[in-house]
1. Can you tell me which residue is most open to solvent (accessible area, probe 1.4 Å) among those in region 11-46 that are part of a helix (DSSP H, G or I) and of a type in the set (S, T, N, Q)?
2. Pairs under 8 Å by beta carbon, first residue at positive phi and modelled with pLDDT of 90 or more in region 23-40, partner in a helix (DSSP H, G or I) and loosely packed, with under 10 Cβ neighbours inside 10 Å, six or more apart or different chains?
Amino acid sequence: MKHPNQPAAQRQRVLAHVADTDVGGFFDLLTAPQLLDRVEALQPPFRERVYSPFAPVLA
C-alpha cells in the first residue's frame, strides 16, 4: 500500500530540484550527447515564416 502523503512528498522533491536548476544547467543537460538525439527527434520540423509578425492580417 502506498503512503498517503506520497504525492505531497514527490511534489516537494520536484520543487527542490526546480529550485536548484538554472537555465544554463538545463540547457547543458538537454544538449548533452546522451540526450541530444532524443531532444532533436522531438522538435517539430522547421517552418519558415511566410508573413512578418508586424504585417497586418487582413481577413
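The values are calculated or read from the model by the stated rules, or taken from the named source; none is laboratory data. Nothing here was measured: the structure is a model prediction, and the numbers come from that model. A quick note on method: Cβ atoms are made from the backbone with ideal geometry, for glycine too, and the neighbour counts reach across all protein chains shown. Side chains included, ligands, DNA and RNA excluded: accessible areas come from the protein's heavy atoms. Shrake-Rupley method; radii C 1.70, N 1.55, O 1.52, S 1.80 Å.
1. In the first step, residues of region 11-46 are kept if they are part of a helix (DSSP H, G or I); the result is 11-20, 23-30, 33-42.
Narrowing further to those that are of a type in the set (S, T, N, Q): 12, 34.
Details: Gln12: 116, Gln34: 147 Å².
The residue in question is Gln34.
2. none
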